[in-house]
Amino acid sequence: MIRIYNTLSKRKEEFIPLEEGKVRMYVCGPTVYNLIHIGNARPMIFFDTVRRYFEYRGYEVNFVSNFTDVDDKIIKKAIEEGVPAEEISQRYIAECKKDMEGMNIRPATTHPLAMQEIDGMLDMISTLVEKGYAYEVNGTVYYRTRRFADYGKLSHKNLDELQGGNRALLVSGEDEKEDPLDFVLWKPKKEGEPYWTSPWSDGRPGWHIECSVMSKKYLGEQIDIHGGGEDLIFPHHENEIAQSEACSGKEFARYWMHNAFLNIDNHKMSKSLGNFFTVREISEKYDLQVLRFFMLSAHYRSPLNFSADLMESSKNALERILTAADNLRFIAEHAVRGTLNEEESAKLEEAGKFVAQFETAMDDDFNTADAIAAVFDLVKYANTNTSESSGSLFASSLLAELQRLCDILGIITERKEELLDEEIENLIAERTAARKAKNFARADEIRAQLLEKGIILEDTREGVKWKRA
Ligand code: AMP
Ligand code: ZN
């Protein structure tokens, strides 16, 4: 039985899917106006692990995570660079996907883009207007927050408290709203901004409506899990609930999961303070597996502090797992093949307890920290119970068990193979031949393939030179 801490009830609850054997989950993705930072990587790594664990438990997971590609920050950057907003978002989506691959985050079932879902947004906003949950003033459409009786149920705030906190809004030019708590569903364009036509104005959607619409389109009106960083609880997720539930009349998401923040040197990481690292910067120093391992070494609801020391200890810890896997692989390949002897059978059965320990940890609200402890217990067990005299099957069985657990965490136990000089030379020769034959597609493909392995080519007058990055 999997138990999940639900922000809605503030309790751990047994996970019961809407449809047996299936999980529908939606996780708010990054706003793509820059390279993602390691804070953004935390929900990506964690929810990818949640998905992997559900699949391990036999569920079919429909996992949807958007890229927010309609946003003020993107438009600002586009204006600065003098290019269309779409160019900015496309560029950083491509970069984000590279980072995700480096962190071994599997692509979602669907990665919708807000720009392509405008029709759905117009529909949902129209429904909200028809039902009396939204109103238009001077081309802007607002959500009538007080009309939705459950407003505040996720963030556990009451409206009057919120009203106090939002008093500033009244004097900041937003006094056309009926109530300071009302939020924007649609707003008119400003000069030079991308826009779409609508019954209310030429303009663009607000951020909150994007997720309600994409979740509905790809997962249906009701979903099992909705996730994101804890900064999204209010107002983003509260507003998503207000929109989706007012529209459908049904409960939107059963379980709301939120990861705590990643801090740096015990300070809140923020772009304005300049104390953040991009995933790309980390990848120049470390294999991104180390970052993944580091993120999972703490429980997702605990704040996590990023520091060089902790990255070093994560690197060493990961190295212990990889070394144990190397040893098992070596024995499996070189030892006598055959069946398990009695002692080995007994030991293999005993090693099953580490799998049980791992599952107990993950069943308890995805406690990856304890799950990693179980992996280390297995590593220790394998190290002390195997030797040159172990049988091949014994070693390969332990290795398979270790790999199965690591795979749930998204940790790859094989070392990245390095290309031998000879293999590089052969690929370069093939590329030269492809170019001669004017097969430039193949030539480019080889260059990209080499680059991925850290080999940089330079075309010179004397021929092709190469170096390792
Ligand atoms: P954004 O690009 O700001 O919309 O954020 C994308 C996702 O990253 C959201 O789920 C945020 O909650 C999450 N996030 C942003 N900063 C951090 C951080 N420092 N630690 C953990 N999660 C974060
Ligand atoms: Zn969202």
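How far, in nm, would the chain grow between Glu13 and Gln116 when pulled straight, counting 0.36 nm per residue and subtracting the alpha carbon separation? Net length gain for the segment: 33.5 nm.
Bridging of Lys436 to aspartates and glutamates at a Cα separation below 18 Å is possible for Glu425, Asp444, Glu445, Glu458, Asp459, Glu462, once same-chain residues fewer than 8 apart are set aside. Full extension of the chain segment joining Val355 with Asp72 gains 97.2 nm, where the gain is 0.36 nm per residue of separation less the Cα-Cα distance. Among His334, His208, rank each residue by its count of other Cβ atoms within 10 Å, from fewest to most, as a rough exposure measure. Listed from fewest to most nearby Cβ atoms, that is His334, His208.
Calculated mean residue ellipticity, 222 nm, the chain: -15500 deg cm²/dmol, from DSSP H runs (n ≥ 4) at -39500 (n - 2.57) each, averaged per residue and rounded to 500.
Between Ala369 and Glu86, the contour length at 0.36 nm per residue exceeds the Cα-Cα span by 97.9 nm.
Of all complete DSSP H helices in the chain, those with a Cα span along the helix axis of 27 Å or greater and a mean Kyte-Doolittle hydropathy of -1.0 or more are 308-334, 342-363. DSSP bridge analysis restricted to the chain gives an antiparallel fraction near 50%, rounded to the nearest 5. Considering the dipole of the chain built from charges on the beta carbon (Lys and Arg +1, Asp and Glu -1) around the Cα centre, which of Ile223, Ile408, Phe294 is farthest to its positive end? Checking the options against the dipole of the chain, the answer is Phe294. In nm, to one decimal, how far is the modelled label at Ile79 from the one at Leu273, with both set 7 Å along Cα→Cβ? The modelled label-to-label distance comes out at 2.9 nm. Taken over the Cα atoms of segment 24-110, the convex hull encloses 82 Å³ per residue.
Highest average first, the peptides 279-286, 379-386, 254-261 ordered by how many other beta carbon atoms sit within 10 Å of their residues are 254-261, 379-386, 279-286.
A simple packing score, the average count of other Cβ atoms within 10 Å per residue, orders the peptides 312-322, 411-421, 59-69, 210-220 as 210-220, 59-69, 312-322, 411-421, with the highest score first. Compared with the rule-of-thumb size 2.2 N^0.38 Å for a compact globular protein, the chain has a Cα radius of gyration ratio of 1.14. Once both labels are positioned 7 Å from their Cα atoms along Cα-to-Cβ, the gap between Phe234 and Lys22 label points is 3.5 nm. All distinct Cα pairs of segment 125-250 go into the 1/r average, and the inverse of that average, the Kirkwood radius, is 15.3 Å.
All of the numbers you see were taken from the coordinates with simple rules; none came from a lab. The shown structure was predicted, so the numbers you read here are calculated from the model rather than taken from an experiment. Ideal geometry is used to build each Cβ from the backbone, glycine not excepted, and the neighbour counts take in all protein chains shown.
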